[in-house]
Every structure is written in C-alpha cells, then in structure tokens.
Amino acid sequence: MILSMKIGIAAMLALSSSMVTSIQALYTADHGEDSRLIAYVGNWQACPTDAQVDAYSHLVIAFSVSYTWGASANQCNTQCSIGTLVPICNNANNQALVDKRRGMGKKVIFSFGGAGMGGSWSGDKNNCWDYCFGKEEQLSTSLVIIVKNQNFDGVDIDYEYCYDVNGVQSGSCKQRTSLYSDAKAQTFLDTLTSKLRVKLDALQLSNDYNCGHNELTHAPMDTDISIPNSKYYQILTNCSNDLDFIMPQF
C-alpha cells in the first residue's frame, strides 16, 4: 500500500496551462507505481481542459452516492442503491471525455462516498452510510458494474463518517440512526474493500487484462489514520494487500 496525496480540483484549476506544461506535459500513469499526482474532479463542476489535467497521472471523479441532494440534509436511499452511471462533469455523463483521458495515459477512477454521505464533524446532518451497512455484497457489485460500463480504471472509497464512537470518536456523529454501530461500520469498511478487490480482479480477468489493472483506493481523513489506536487505520492495514494506495485528506 502506497500513500498518495489527495489534490483538490480547486488547486488543479488554479494552474495555468503554461504552469502545467512547465511541470510536465502529458504526464501519464505509466511512469512507475511509486510516483503519482492525483486530482479529485468534482463532477458537479465544469469539465477541466486537456491543459489542466496534463500534469496528473490519475483523475478521481467524485462522487457516486446513494442519496439525492437536499437543502437541509441529503435524502438517503434506504436500500443504499446507487445510480448505474456516474456523472463525469457538469453533472452529466461524458463517456467520450473518460475515454479521451485514458487515451492520454491517465488512470480515471471514480469515488464513492464523500461528505454528503455523512461526516464525523460537529453539526453534520447526513447519515446515509448507515443505510449501506450490511449491504456490502450489493454495493460492491453495483460499483464494479459502473467500472465496467464506464471504462473506469477502478474505485475509490471516500469515507468521512464515524466508525468508533465508543472509542476515539466519542461524541461524534450525533446524526447517526439506530442502524449505526461501531461494529457495523468497521465490518462495512473491511468487507466492502475485500469484496471490491475480488470483483475488480474478476472483471480484469474477464477482460483478459485488456483494460489494465483495476485500482482500489481509500481517501481517509488524516485524523482518522493519525490518531492513536485508530480502527480505520487498523482496517486499512489489514486490507493492505487489497489496496493499491491511499489518499489521506489534509
């Protein structure tokens, strides 16, 4: 498992085309597994230009979710069902753009989760992760179908919710429902990761490796892997053989 930095789309868009070119033109994912420059691309934002992505080896399309947006709180799908397609940018699918980026040598993966699914910080009202606990089989299958249908290079899990309210996260996630428990959250993170690895590898085999290696990543918040005795850190360590790298959020 290799640590990589998570770089926000705002930072990426702040680079002028001349600055990007001076860093390295047409940077690809084929330069070695120990070197990555990764951009999270908010799929509600405008599509980045070729010049804006030249410097990056990986593009992470964010997000696939199991809710519809709400002004006060997001409306969770109680079955943890997700859309069959992930918007790429401008809140719309753009398969031609995904294929183009991959043709430029970029790895294009998509992220499931994000802050709108629920966060561990004070005042957050969203709890959609609660409805996904125990549905790892269904969810992992749905995520891999998206990889197949949209020619993605893998899946990122962006989990910013609670997993240890009886321990280091005491007092957090007051918005959680009766469906939540630390055991369920920890089992979810562990089981979803392992099931995704198995199913992504099976997809890769069925494609005769023609689409390359399917990557699996997590994007934990830095506090969730730096605090002593973090259960999330322990889960990631135990699942390290299933992961390609992680992208801590700072």
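The values are calculated or read from the model by the stated rules, or taken from the named source; none is laboratory data. The shown structure was predicted, so the numbers you read here are calculated from the model rather than taken from an experiment. As a convention, Cβ positions derive from the backbone with ideal geometry for all residues, glycine included, and neighbour counts pool all protein chains shown. To get the accessible areas, we keep the full protein, side chains included, count just its heavy atoms, and leave off ligands, DNA and RNA. Shrake-Rupley method; radii C 1.70, N 1.55, O 1.52, S 1.80 Å.
Only one of these is more than 29 Å from R102 (Cβ to Cβ), small (G, A, S) and open to solvent by 40 Å² or more (accessible area, probe 1.4 Å): S170, S230, S206. Name it. I'd like the intermediate steps shown before the answer.
Numbers: S230 fails: open to solvent by 40 Å² or more (accessible area, probe 1.4 Å); S206 fails: more than 29 Å from R102 (Cβ to Cβ).
One residue alone meets the criteria, S170.
In region 157-167, which residues are open to solvent by less than 10 Å² (accessible area, probe 1.4 Å) and either assigned to a loop (DSSP other than H, G, I, E, B) or in contact with a Leu (Cβ under 8 Å, 6 or more places away or on another chain) (or both)? Spell out the reasoning first.
Kept after step one, since they are open to solvent by less than 10 Å² (accessible area, probe 1.4 Å), are these residues of region 157-167: 157-159, 161-163.
Once the filter is applied, which keeps residues that are open to solvent by less than 10 Å² (accessible area, probe 1.4 Å) and either assigned to a loop (DSSP other than H, G, I, E, B) or in contact with a Leu (Cβ under 8 Å, 6 or more places away or on another chain) (or both), region 157-167 yields I157, Y159, Y161, C162, Y163.
Only residues that are of a type in the set (S, T, N, Q) and not in a loop (DSSP other than H, G, I, E, B): list them for region 85-116, please. Full working, then the answer.
Kept after step one, since they are of a type in the set (S, T, N, Q), are these residues of region 85-116: 90-91, 93-95, 111.
The answer is Q95, S111.
Report, by residue number, each residue of region 200-209 that is within 13 Å of D153 (Cβ to Cβ) and touching a helix residue (DSSP H, G or I) at 6+ places or on another chain (Cβ under 9 Å). Write out each step before concluding.
Residues of region 200-209 within 13 Å of D153 (Cβ to Cβ): 200, 203-204, 207, 209.
Passing the criteria: L200, L203, N207.
Is it true that some residue in region 22-45 is modelled with pLDDT of 95 or more, more than 20 Å from T217 (Cα to Cα), part of a loop (DSSP other than H, G, I, E, B) and within 20 Å of the chain's Cα centre (by Cα)?
yes
Of all residues in region 234-250, count the ones that are open to solvent by 70 Å² or more (accessible area, probe 1.4 Å) and under 22 Å from Y40 (Cα atoms).
Applying the first criterion (open to solvent by 70 Å² or more (accessible area, probe 1.4 Å)) to region 234-250 yields 234, 238, 241, 250.
Of the ones still in play, those that are also under 22 Å from Y40 (Cα atoms) are 250.
Residues in region 234-250 being open to solvent by 70 Å² or more (accessible area, probe 1.4 Å) and under 22 Å from Y40 (Cα atoms): 1 in total.
For the subset of region 180-199 comprising residues that are in contact with an Asp or Glu (Cβ under 8 Å, 6 or more places away or on another chain) and within 16 Å of F152 (Cα to Cα), which member is surrounded by the most Cβ atoms within 10 Å (Cβ to Cβ)?
Once the filter is applied, the top-ranked residue is L196.
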